[in-house]
Structure formats: structure tokens, C-alpha cells
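What follows is one structure encoded as C-alpha cells, with my remarks underneath.
Read the figures in this text as sums done on the coordinates, not as results from a lab. For clarity, every value in this text was computed on a predicted model and none was experimentally measured. Glycine also receives a Cβ, built like all others from the backbone with ideal geometry; neighbour counts cover every protein chain displayed.
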Amino acid sequence: MSKLAILILAAGNASRMGFPKQLLKWKDTNLLQHVINSVKQIENDGVYLVLGANYEKIISEIDNRNIHVLKNDTWQKGLGNSIVFGVHHITKFQPKTNQVLIVLADQPLINAHYFNTLINAHTESKQEITCTLYKDGKLGVPAIFNKAYFDKLLQLNQDKGAKEVLKKYSKDLKFVDGKDVIVDIDTMEDYKILYKKHHIEDR
């Protein structure tokens, strides 16, 4: 029987924003809470949230009930470091976990429906990894990794994220087309454009 843990990565300091990206307003909450609410709608065996920069401020602005909040004090080392940190804790505290869904905090167009589409595709597939196809043809997260690939995730370079594993094992995975829901929010201008497009009251 599948035991799916969800790993939300939200440890970065979004230096180009000048403000914690995780707390930018989205719908009736913020970007991070929006993701937390979405993953709580899907069947899972534990939600793990990795925080780092601005920990105190972020933790005070979210509802962290029924999720495991992990503070990564070495978040500055990169996304790969936070993945290793999160997967290590999952395997330690829930050793029966055999699948991990890795999610980012700044992809607000991804909702529970998309997560379920990804999970269903993974269940139907015989592949060990199911990930998301981006507009540029690259593969990325959200992505589900079976236990066979936990060791690969735990060996990530500190500044290299899950895309490194997806690239290396691209022949051994399945992907779901996510071109309509993957949008990068790297600058405040990116955020303002996306916010205006998806919030009727502010048009």
C-alpha cells in the first residue's frame, strides 16, 4: 500500500523580492498557506514543510496545524540542501513512507486537482518518478518520487534541486503536462502581473 508524504519547500529568502515571497497575498491568504491548503485536500500520510529564512515571521503568518514544520538552519546552501533535510526527516520519522511528493511554495496556479492528476498518473504508471512538464520543455516539480529514488534525493548537491535527479533519470519517468499551471514568480513584477490576472476584484 502506498504511503505518500508531501514535502513543501519554502526555506529561501527570495532576495530579489525584498520581502518573504511565501507571504505574498494570494486569494484570501498568502502563497504558502495557499499551497498548504491545496495539499491538505489530497490524500496523504503526512505533510512536511521546510522553512529557513524569515522563519519566525512566516510561522506566525500560517496555520501549521496537522503539518510537520521543519526549520532548516542551513537553507542558505541551496534548494538541494532543503530537499535532503526534508527527505531525511521523512524517512526518519515515517520509515514506512514509500513515495514523496515534492512541492514548491511559489506555484499558486497548482491546486488539489493538479496534484490528484499527478498522483493518478503515477499510480497508473510503472515508473518510479512522475513529474511536471514545463513550458520550456524542461521537467520539474511538483514531482513524485518512489522510495527507490530517496537515496538519489539524499545525495543532491546543496545548490541543485530535484531537477538534477529528473534530468539524470529522464528515461525512467513519466510526466504530466503542467505548462498551463507553472508560472515563475521571481520578481515583484512577476507577482503583480499574475495576481492581477487571477484576482477579479483587482482588475
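A few notes on this one:
- Comparing 125, 170, 60 in a Gaussian network model of the chain where C-alpha atoms under 10 Å apart are linked, the largest mean-square fluctuation is found at 60.
- The loop-placed trypsin sites (Lys or Arg not before Pro) in the range 12-92, going by DSSP, that have at most 13 neighbouring Cβ atoms within 10 Å of their Cβ come out as 16, 27, 65.
- Helix 112-124 axis, angle to the chain major axis (alpha carbon atoms, nearest 10°): 10
- Using the alpha-carbon positions of the range 154-203, Rg (one decimal) and Dmax (whole number) come out as 16.2, 46 Å.
- Taking Lys and Arg as +1 and Asp and Glu as -1, the other residues whose beta-carbon sits under 10 Å from that of residue 179 total -2.
- The share of alpha-carbon pairs in the range 62-105 lying farther apart than 17 Å comes to 38%.
- Most mobile of 62, 144, 83 in a GNM of the chain (Cα contacts under 10 Å): 62
- Cβ-based charge dipole, the range 1-99, positive-most Cα from 26, 87, 38: 87
- Per-selection Rg to Rh, the range 4-202 - Cα, Kirkwood hydrodynamic radius: 0.93
- Electrostatic dipole magnitude of the chain [Cβ: Lys, Arg +1; Asp, Glu -1; Cα centre; debye, to 20]: 340
- Residue-count net charge about residue 104 - beta-carbon cut-off 13 Å; Lys, Arg +1, Asp, Glu -1: -1
- For the range 18-47 versus the range 49-89, the gap between their alpha-carbon centres in whole angstrom: 13
- Here the label points at residue 148 and residue 117, each 7 Å from Cα along the C-beta direction, are separated by 2.6 nm in the simple model.
- Oblate is the label for the range 120-170, because a/c, from the alpha-carbon gyration tensor with a ≥ b ≥ c as root eigenvalues, is 1.5 or above and a/b does not exceed b/c.
- Average 1/r across all pairs of distinct alpha carbons in the range 1-76, invert it, and you get the Kirkwood radius: 13.0 Å.
- For the chain, the longest principal axis of the alpha carbon atoms and the long axis of helix 79-93 meet at an angle near 60°.
- Counted charge near residue 81, where neighbours are those whose Cβ lies closer than 14 Å (Asp, Glu -1; Lys, Arg +1): 0
- Angle between the chain longest axis and helix 188-198 axis [Cα atoms, degrees, rounded to 10]: 90
- Under 28 Å from residue 57, Cα to Cα: lysines that are on another chain or at least 8 residues apart: 21, 25, 27, 40, 71, 77, 92, 160, 192, 196, 197
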